[in-house]
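Visitor: If you scroll down you'll find the structure; I have some questions about it.
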Amino acid sequence: MPKTRLSGELVLVALLAAAGGYVLVQTPAIVVPPSAATAGPRLFPYLVGCLLVLIAVLLAVQVLRGRAAPPEEGEDVDTGRRTDWRAMLVVIVLFAAHALLIEPIGWPLAATVLFAGTAAVLGARRWPVILVSSFALALGLWAVFVFGLGAYLPGGPFQMWT
């Protein structure tokens, strides 16, 4: 097995173990209300933290024994092609713009910018389809969160519907 593959998989092991450890260390800080049943609010985080650490240990054992995952050979992935750092940077900027635009223009319009921009960066060129589908997806997700789940997301011009 090439050294870079081994080190890459061990980085994943370290990240999984760190995430699990962080969850396990932070879980005792969760306040348990006196009305909590036997399975209080700490149960699920403890389960997730333990599973993350367990998976990290099992993966480390497999990697160190030489049983690494095979390289990606998907039909839609060109493994010989280099990373498009420009596209990655544009998507990061789109996420930052989304976060900054949520309050001034509302979540549906900010998400439309994010979705349409990401589609364009990934190669979509049919602008009417991109804009309509991005807006429909953003408005639909906003409606699910606001009306279905009762979460607050600023609606901007659509706030009057809430």
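Bear in mind that the values in this text are calculations on the coordinates, not laboratory data. Nothing here was measured: the structure is a model prediction, and the numbers come from that model. Methodologically, a virtual Cβ is constructed for each residue, glycine included, from the backbone with ideal geometry; neighbour enumeration extends over all protein chains shown.
Visitor: I need the semi-axes of the equivalent ellipsoid of the chain: take the C-alpha gyration tensor, multiply each eigenvalue by 5, square-root it, list largest first in whole angstrom.
Guide: 36, 30, 12
Visitor: Sorted by packing (mean other beta-carbon atoms within 10 Å per residue), highest first, where do 18-27, 148-157, 80-89, 106-115 land?
Guide: 106-115, 18-27, 148-157, 80-89
Visitor: Right, something else. Counting alpha carbon pairs within less than 8 Å and at least 6 residues apart, what relative contact order, in whole percent, applies to the chain?
Guide: Values: 130 pairs, mean separation 28.9, N = 162.
About 18 percent, as a whole number.
Visitor: Kindly state, to the nearest 0.05, the FRET efficiency for Val90 paired with Phe147, given R0 = 35 Å and r defined as their beta-carbon distance.
Guide: With a Förster radius of 35 Å, E is 0.60.
Visitor: Here's something else I'd like to know. Which net charge results when you count Lys and Arg as +1 and Asp and Glu as -1 among the other residues whose beta-carbon is under 14 Å from that of Ile92?
Guide: My count for the surroundings of Ile92 gives 0.
Visitor: Taking the Cα centre of the chain as origin, work out the dipole magnitude from +1 charges on Lys and Arg Cβ and -1 charges on Asp and Glu Cβ, in debye rounded to 20.
Guide: Charge dipole, the chain, about its Cα centre: 260 debye, nearest 20.
Visitor: Using the charge dipole of the chain (Lys, Arg: +1 at Cβ; Asp, Glu: -1 at Cβ; taken about the Cα centre), state which of Leu58, Gly155, Leu24 has its Cα farthest towards the positive end.
Guide: It is Leu58.
Visitor: As an exercise, use a Förster radius of 45 Å and the Cβ-Cβ distance of Leu47 and Ser7 to find the FRET efficiency, rounded to the nearest 0.05.
Guide: Once rounded, the FRET efficiency stands at 0.90.
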